[in-house]
Each structure stands twice: as C-alpha cells, then as structure tokens.
Amino acid sequence: MPTAYFTHTDCLDHITPDGHPEQVARLRVIEQALADADLARFNAPLGTVEQATLCHPADYVSKIQAACPDQGTISLDGDTHVCQGSYTAAMRGVGGICAAVDTVLDGTAQNALCATRPPGHHAETQTPMGFCLFGTVAIGAKYAMEMRGLSRVVIVDFDVHHGNGTQDLVWNDPRIMFASSQQMPLWPGSGYASETGAHDNVINLPLDPNATGADLMDAYTNDIFPRLAAHKPDMLFISAGFDAHADDPLANLNFTTDEFTQITEMLCAFADTHCGGRVVSTLEGGYDLPALADSVAAHVNVLRSHAK
C-alpha cells in the first residue's frame, strides 16, 4: 500500500501579515520537496462543522468563520491572524485529517501525511492561538473513534512548542494518550511533567534549550514508548512540527534532518508493532524554509519505507 498525501490549494489562501513565520511559502517549499515522491495524492476535502465539533463547540466554529474579514487580515491575538480564506483553509485541515483516517482504515494507504495550514496543535477548546484555529490532530483522533469505531489512539507531538491545544482537547478522554516533547522554557509556557491529564493520559517531556536529537531519542525510548504501548492503541497520530531544527528561528533546540528521520523511524516501527502500521501525520510548525523542506521530505521517506 502507498503513503497517502493530503493537501489543498485553499491552504495557500490563508494569508498572514508580511514577515509572519507561518507563511504561504511553507506549503510551496513542501510541494517542491515532494514533487517527485511516489505518493497517493489527494485533495483534502472541506471539513464539516460536525467534524470540527468533535472537539470544539459549534459557537466557536461559527465565531472563527465570522471573524474572517472580506478584505485584509485581522488579528485574533498577537500571533494569530485570519483573512478571507482562513476559515476554508483551516477546514481543509479538518477534512484532510478525517479523510486520511478513512484512507488508512479502509486499506487504501498504509499511512498518510496531511500538509495543510494553518497548523492546529495550539488551538484550545474555545481559544485560537499560536497560529492555530482548529485542533486538527485531536479532531482526527476523535473522528477515528467516534466515526470509525477505534477504541484507543495515541498522539505524539515532537514540535518544539508544547501542543497545549491538543492537551486541552484530550485532557478528559481516557481513550486518547497524548505525548509531547518540547523545549522549556518556551512559549506557550505549558507542558510541565506534572501535567498528566484527568486519566493519566498525558505525557509531557520538557527538553532543556540546546538539547540534542540524542536527548530526544533517549526520552522517547525510555519514557514515552513504554507508556504508549501499555495504552494498546489502534492508530498513531503524529503532530509533525519541524521547528526543533537547529536552523529554525523560533526556538533553541539543535535537531538535524537526520534526527527527524530517526524519530519518524522510531514512531513508524512502534506503529508497525502496536497499531498495524496505521499512522496519520499532520504538519505543525517549522519556519526555516530549507530546513522545513528537507525535514518533511525525510519524514515522508520514512513513511513510504513503512508502507507495505
């Protein structure tokens, strides 16, 4: 089976102010990096309100739609901006991850990557923040259980910033185990090891500034994977943020493209053993364009190598 790839040109219509790191060019360099990759390519369908409300109240979804102006951009907070195309772009992310779940569970693909923007892992239940509008990966996880009948899933987030939104959205759901490794101290200021979820279903591994990829691998091997295995998941979701790269301007970790290859290999091997190889990955951060392109290509190469 192939690796599925979901994206949509509507995601290029989410326009941020000049100089903003979460920019249209992020998707363009990913498209260039994957142009020759052997992937099953799909347009991400437009998500539905019913899908978005698996995690967010309906009035919040309506609020985001209504906030998008007819012209220009407006700021929802100091980091998060919307324009006319932002709601549709974000709903492509919602629809894309749900379609990726269907594609993997229906046996059309072994695993999948959703390259959509804006990202999602900072969006809390009723609060957009950190460039994010909807909690895409949490929506995908809930969809897999509520609509496709899975019993338990895991989400792994290796973005350099803590996935506070995902944590908020899954905190009270014992069926979802969320594991996040992140630089601390760093925005958004959450992600302490003491934050463990209502059902001991959240794992946070803070990493010191200037930590290396070896520190990351050790943390996953010794702390995260044993607990994920004990959860007995049916599917693995990845919040694939590449801003822990040494070249990224927004943080201070020192990972390389090779180390993103290694962590993806470890995650896919885990999924092969515990989840029937079922992996759905979705793009989060990564703001140095060459490093992002190289890291996503490396991530996809590993996904493809595990597609059977």
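Take the residues in segment 142-175 that are in contact with a His (Cβ under 8 Å, 6 or more places away or on another chain) and assigned to a strand (DSSP E or B); name whichever of them is surrounded by the most Cβ atoms within 10 Å (Cβ to Cβ).
Among those residues, the one meeting the criterion is 154.
Is it the case, given these coordinates, that residue 125 is crowded, with 19+ Cβ neighbours inside 10 Å, in contact (Cβ under 8 Å) with a residue 60 or more places away in the chain and β-branched (Val, Ile, Thr)? Walk me through it before giving the result.
On the way: crowded, with 19+ Cβ neighbours inside 10 Å: no; in contact (Cβ under 8 Å) with a residue 60 or more places away in the chain: yes; β-branched (Val, Ile, Thr): yes.
Spelling it out, it is not the case that residue 125 is crowded, with 19+ Cβ neighbours inside 10 Å, in contact (Cβ under 8 Å) with a residue 60 or more places away in the chain and β-branched (Val, Ile, Thr).
Given the residues 113, 133, which is the only one that is touching a Phe, Trp or Tyr at 6+ places or on another chain (Cβ under 7 Å), of a type outside the set (Asp, Glu) and under 27 Å from residue 201 (Cβ atoms)? Steps first, answer last, please.
Values: 133 fails: touching a Phe, Trp or Tyr at 6+ places or on another chain (Cβ under 7 Å).
One residue alone meets the criteria, 113.
Among the residues of segment 87-109, are any out of contact with any helix residue (DSSP H, G or I) (no Cβ under 6 Å at 6 or more places or on another chain) and over 22 Å from residue 278 (Cα atoms)?
Our first condition is that a residue be out of contact with any helix residue (DSSP H, G or I) (no Cβ under 6 Å at 6 or more places or on another chain); within segment 87-109, this holds for 90-91, 95-96, 99-100, 102-108.
Going one step further and asking which of them are over 22 Å from residue 278 (Cα atoms), we end up with 90-91.
Yes - at least one qualifying residue is present in segment 87-109.
Just checking: which of the helices (runs of 4 or more DSSP H) contained wholly in segment 1-116 hold 3 or more residues that are at pLDDT 95 or above and surrounded by fewer than 21 Cβ atoms within 10 Å (Cβ to Cβ)? Can you show your working first?
Values: elements: 25-33, 49-52, 58-67, 86-105.
Correct list: 25-33, 58-67, 86-105.
Taking the residues in segment 128-141 that are without any contact (Cβ under 8 Å) to a residue 60 or more places away in the chain and of a type outside the set (A, V, I, L, M) as candidates, determine which candidate is surrounded by the fewest Cβ atoms within 10 Å (Cβ to Cβ).
130
Residue 288: charged (D, E, K, R) and closer than 24 Å to residue 32 by Cα, yes or no? Reasoning before the result, please.
Details: charged (D, E, K, R): yes; closer than 24 Å to residue 32 by Cα: yes.
Yes.
The values are calculated or read from the model by the stated rules, or taken from the named source; none is laboratory data. Because the structure is a prediction, the values reported are computed rather than measured. A quick note on method: Cβ atoms are made from the backbone with ideal geometry, for glycine too, and the neighbour counts reach across all protein chains shown.
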